[in-house]
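Single-structure report; data block below.
Every number here is computed from the coordinates shown, using simple stated rules; none is lab data. Keep in mind that this is a model prediction, so the values were computed, not measured. Glycine gets a Cβ as well: all are built from the backbone with ideal geometry, and neighbour counts include every protein chain shown.
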Amino acid sequence: MEGRIGGNVKLGATGFLSMTDLDEALFPLAFLLDFSAALTCENGKDRLHIEILAMGAGGERTGRLARSALDAIPVVRAAREKGALFVSIGVRREGQSAPGSMGKRRIIDYRYTNEPA
């Protein structure tokens, strides 16, 4: 898939993002059980969507902590500061049903396909 090199995805001119980057940023969060990541392009701007499976109540605080952790990744922070990336975060609580399975964690890049995110 275009934009993918060895599991990395290109984020505009700012560099590459890897699943390892996301793992290292998000798994230290005490509430995190698992997550999925997808990239889309909307109105010429990349959108990184992180879907989190969390212990406890979740909510706004969970989303804020996850966003802060993602901003600690230099390529994510740089792309956001340049206005080239929008980050969205969805939170599911443990036990909540969700369509499909999180499956193997990888960054799914929909920017170069016609598949829906």
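Taking R0 as 35 Å, what's the FRET efficiency between residue 13 and residue 34 from their Cβ-Cβ distance, rounded to 0.05? Kindly include the intermediate steps, with their values, before the conclusion.
Values: r = 31 Å, r/R0 = 0.88.
About 0.70, to the nearest 0.05.
R0 = 30 Å: FRET efficiency of residue 23 with residue 61, Cβ-based, nearest 0.05?
Working: r = 21 Å, r/R0 = 0.72.
Approximately 0.90, to the nearest 0.05.
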(request) Residues in region 13-35, backbone N under 20 Å from the label point at residue 68 (7 Å along the Cα-to-beta-carbon vector): list them, ranges by number please. (result) 22-35
(request) Using a 10 Å cut-off on Cβ atoms, rank the peptides 41-48, 62-69 from the highest mean neighbour count down. (result) 62-69, 41-48
